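Just below is one structure, and these are the notes that go with it.
The values are calculated or read from the model by the stated rules, or taken from the named source; none is laboratory data. Just so we're clear, the structure is a prediction, and the values are computed from it rather than from any experiment. In this analysis, Cβ positions are derived from the backbone assuming ideal geometry, glycine residues included, and neighbour counts consider all displayed protein chains. Heads up: the accessible areas ignore ligands, DNA and RNA and are worked out on the full protein's heavy atoms, side chains in. Shrake-Rupley method; radii C 1.70, N 1.55, O 1.52, S 1.80 Å.
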Amino acid sequence: MDFTFTDHERALSQRGRDFFEQVLEPLEVITDEHGELPDAERAPLRQKVRDWGLAGINLGKDHGGLGLSMVEQTLIEEQLGRVTNGLWSAVWRAPVSLKFGTDRQIEEYLIPSAGGERRGCFAITEPGAGSDPRQVQTRADFREGHWRLNGEKWFVTSYNASDFIIVHAHVDGDPDKPTLFLVDKPDYYTAPPNTTHSRSPRFMHNFAYDHAELIFTDTPVPADKMLGEVGQGFELTKDWFVEARLQIASHALGAATRAAEIANTYATERRQFGRAIRDFQAIEFMLADMAVELYAAKSMLYRVAAEIDSGADRSLIHSHASALKLHSSEVAGRVVDKALQILGGRGYMRENPVERLYRDIRVDRIWEGTSEIQRNVVGGRLRKMGMSLYSDVA
């Protein structure tokens, strides 16, 4: 068991760190003040992702991607996670569900998505359906040679940065027939035919792109735009959820590490009662706890990434990814909170990255499966496999 990164892996990590510092970090304040990444910055930033060799980070070379291992992807994503306001999302990840599409769908959607010529968003959550997707009310009915979608979707992240939507619907309204559909947008800002973009609400964090609410009213979808087969909706998103949970864990670790570094520096430089505040045990113990939690989370993150690269059992990976997402998101919450406390009033100022990280990191315990759902996944596997699933060294 070797936890030493190769020179190539370290170079990828450094590329991610340099991209954060030179490209993304200068956009933090303007994005926070504007509420999202200004329109004028979007195309230039998209081109910089290509110029830096970060396009297609999660795809194989046969699909126009970089062909990186999961460990290599994670090294880059950890560094991107240092940025505030969700600007890491500028380095797009093409929806992995598209890998299971037809040859035409791969050519039309997946390969262009690798290069950033196209971008997709995912629509599954609804007013009455979140953690329990069987409660989805959006339905798909086949009439007159087309599918027709009817329903309402919430939290469609990066809608205004995307030109197609992957919609999760129940064929004939049957929850045993969850199915994915590809819905084309005329452009980034125009809704598809018979689709209403009702609003993009504001949230606690400011994010590079929006989180839209959409209403589908007999929205026409050509027969060849169904992704996979009827009833495969859950199966085709399993790998996507695993990837998303590793990405969240990577970003949470990057964010928490940045906050801890800022707090550590401040504790050294800030003097009260004639000495640096880090010399007070109350501060020293907080810094120590932060370091230990980051150490544990990082070890867990790269172990799970390595398990994926080794071809470990898919169900095992799904379970371990849930445990990782749960642990990393909650560790990040505790670490960033301690960092803000150490900074005191300065940490509460919006000009301080820790204040923005504090707002950003809270959603990581909610999206792509709440902490409670991750505990359900872990608990369910424990009932089947026992504690060895998480405690065995090998």
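Conditions tested, residue by residue: (1) open to solvent by less than 10 Å² (accessible area, probe 1.4 Å); (2) closer than 27 Å to M204 by Cβ; (3) in contact with a Phe, Trp or Tyr (Cβ under 6 Å, 6 or more places away or on another chain); (4) not in a loop (DSSP other than H, G, I, E, B).
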position: G16; (1), (2), (3), (4): yes, yes, no, yes
position: F19; (1), (2), (3), (4): yes, yes, yes, yes
position: A40; (1), (2), (3), (4): no, yes, no, yes
position: A43; (1), (2), (3), (4): no, no, no, yes
position: R50; (1), (2), (3), (4): no, no, no, yes
position: G65; (1), (2), (3), (4): no, no, no, no
position: L75; (1), (2), (3), (4): yes, no, no, yes
Scanning for something open to solvent by 50 Å² or more (accessible area, probe 1.4 Å), closer than 14 Å to P178 by Cα and assigned to a strand (DSSP E or B), does the range 129-141 turn up at least one residue?
yes
Are any of the residues in the range 208-225 buried (at least 19 other Cβ atoms within 10 Å of the Cβ), touching a Gly at 6+ places or on another chain (Cβ under 8 Å) and over 25 Å from R46 (Cβ atoms)?
yes
Residues of the range 158-192 satisfying the condition of being under 23 Å from V96 (Cβ atoms) and either open to solvent by 30 Å² or more (accessible area, probe 1.4 Å) or among the basic types (K, R) (or both)
K177, D184, K185, Y188
Which of the residues that make up the range 77-87 are under 11 Å from the mean Cα position of the chain (by Cα), crowded, with 24+ Cβ neighbours inside 10 Å and in a loop (DSSP other than H, G, I, E, B)?
G81
Looking at R303, R245, can you tell me which residue is assigned to a helix (DSSP H, G or I) and crowded, with 18+ Cβ neighbours inside 10 Å?
R245
Of (1) open to solvent by 20 Å² or more (accessible area, probe 1.4 Å); (2) within 25 Å of A256 (Cα to Cα); (3) aliphatic (A, V, I, L, M), A90 satisfies every one except (1)
Matching residues, the range 351-367, being in contact (Cβ under 8 Å) with a residue 60 or more places away in the chain, under 20 Å from the mean Cα position of the chain (by Cα) and surrounded by fewer than 20 Cβ atoms within 10 Å (Cβ to Cβ)
R359, R362, V363, W367
Which of (1) in a helix (DSSP H, G or I); (2) at pLDDT 95 or above; (3) open to solvent by less than 70 Å² (accessible area, probe 1.4 Å) does S97 not meet, given it meets every other one?
(2)
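Taking the options G347, G386, G311, name whichever one is at negative phi and either out of contact with any His (no Cβ under 7 Å at 6 or more places or on another chain) or free of Cβ contacts under 8 Å to residues at least 60 places away in the same chain (or both). Outline the logic, then answer.
Values: G386 fails: at negative phi; G311 fails: at negative phi.
Selected residue: G347, the only one of G347, G386, G311 that is at negative phi and either out of contact with any His (no Cβ under 7 Å at 6 or more places or on another chain) or free of Cβ contacts under 8 Å to residues at least 60 places away in the same chain (or both).
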Odd one out for F155 among (1) part of a helix (DSSP H, G or I); (2) closer than 19 Å to P192 by Cα; (3) open to solvent by 20 Å² or more (accessible area, probe 1.4 Å):
(1)
Which pairs have Cβ atoms under 7 Å, sit 6 or more apart or on different chains, and link a residue in the range 264-286 that is of a type in the set (F, W, Y) to one that is surrounded by 14 or more Cβ atoms within 10 Å (Cβ to Cβ)?
Y266/I342; Y266/L343
When the residues of the range 21-38 are narrowed to those that are without any contact (Cβ under 8 Å) to a residue 40 or more places away in the chain, within 21 Å of the chain's Cα centre (by Cα) and part of a helix (DSSP H, G or I), which ends up farthest from D103 (Cα to Cα)?
E21
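Quick check on Y109: is it open to solvent by less than 10 Å² (accessible area, probe 1.4 Å), not in a strand (DSSP E or B) and not acidic (D, E)? Walk me through how you get there before you give the answer.
On the way: open to solvent by less than 10 Å² (accessible area, probe 1.4 Å): yes; not in a strand (DSSP E or B): yes; not acidic (D, E): yes.
Spelling it out, Y109 is indeed open to solvent by less than 10 Å² (accessible area, probe 1.4 Å), not in a strand (DSSP E or B) and not acidic (D, E).
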